[in-house]
Structure formats: C-alpha cells, structure tokens
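Beneath this line is the structure, given in structure tokens, with notes to follow.
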Amino acid sequence: MPRGSGPCTVHRVEALTDRQIRASFVNCTKGEVARLKLPLDFAELPWEDLDFLGWVDPGAPLRAHLVLPREDGPLGVTLRVPATGRTSAVKSSMCQVCLTGHASSGVTLLVAPLAGSRGREGNTVGIYLCADLACSLYVRGRRQPKLRGRRHEESLTVEEQVARLTGNLNAFVDRVTAG
C-alpha cells in the first residue's frame, strides 16, 4: 500500500525543519534532495494558514516541491515546471487542487516523476496547479488571483474547500507514490 494512502483526512501542515522536509521526499535521489533550496521566506511562512508546503526552488526555477502532512509524517514530492513560452493573460485557467481561476500565466503544469523504479524509468504524472503554489492562501482569502481581482464565489465553507483541496492534492500524490 502506498505511503500515506487511505481515507483522506485533513491535516494542517505543522512548522517543519529543514531536516524533516528533506527526509520526506519519495520521488527523487538523495543528491537532488541535498541540492534543493528551501523557500526564500522559509522563516516567515504562515504555517497556520498552510495545508501543505509548496514552493518553486529558488536555486532551480524549473523545479518545484510539495510537502504534505500525512498520518505517518510529512511526504514530499519533487516536480518539474515545464519551460514554456509566454501565455496570454486574456485566457484563464483553473488550478486542479484549489479550483482558483487565474490568468493563464497563474496556473502551470507540474510534472512529478513516479516514486521508485517506475520514476527512474521516466514515468511521470502531471497536474495543473497555481504557479505560486499558494492554494491554501487563495482558499482562505489571504491572497487574491490576478484574474478579475478576486476568487470566484463558492457555496462551500472554507473548511469544505480546504477538505476538497487536501483531497485533490492527496489523490495526486497517491498517483505519484502508487505501484
């Protein structure tokens, strides 16, 4: 059974140390983990508003990282940010995790190598996410998308939106860790 799989339970991410973050990764080499750079604002992160830790690597801008709280401890996955040309701000896109609409440049395809031998063979899965990986802040109204200046109205409570966000992200990570 994949690490952390099972019924989706919402766990807020607790403040993590550099060591805990680096030990959590399941789909990259020890060398890649050693080279990853933590977010520039790591000391000031709003942990109380985060359902997962996500950032674009300041030392390698085509790499991104996610660390999710799981029942058996934090689970980290590394992702690639495909190099793409400019996109039109007239188009809009939606994050598949938090369902926030953005100008198309505010959502990006992130591709994760699968954990284990399948990932070493080059197998990947992808997901469209907020380019700044601030899904938790959008859901809580702490950050506003550039598309029309505000997030779309929903009938769900913030807690229900957080549960949906967590479920969507856990489903993606389960695909990374499966098999």
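Taking the Cβ of CYS28 as the centre, find all other residues whose Cβ is under 13 Å away and add up their charges (Lys, Arg: +1; Asp, Glu: -1). Result for the neighbourhood of CYS28: +4. Report the local net charge at PRO46: Lys and Arg +1, Asp and Glu -1, summed over other residues whose C-beta lies under 15 Å from its C-beta. Charge balance near PRO46 sits at -3. Around GLY126, what is the net charge, scoring Lys/Arg as +1 and Asp/Glu as -1 over all other residues with Cβ under 14 Å from its Cβ? My count for the surroundings of GLY126 gives +2. Entry note, segment 18-177: relative contact order of 21 percent, from Cα contacts under 8 Å with a spacing of 6+ residues. How big is D for segment 16-56, in µm² s⁻¹ as a whole number, if Stokes-Einstein is applied with the Kirkwood radius of its Cα pairs at 4 °C and 1.567 mPa s? Here the translational diffusion coefficient equals 115 µm²/s.
Values quoted throughout were computed directly from the atomic coordinates according to the rules given, and no laboratory measurement underlies them. Only a predicted model underlies this, so the values are computations on that prediction, with no experimental measurement involved. Neighbour counts run over all protein chains shown; Cβ positions are idealised from the backbone, glycine included.
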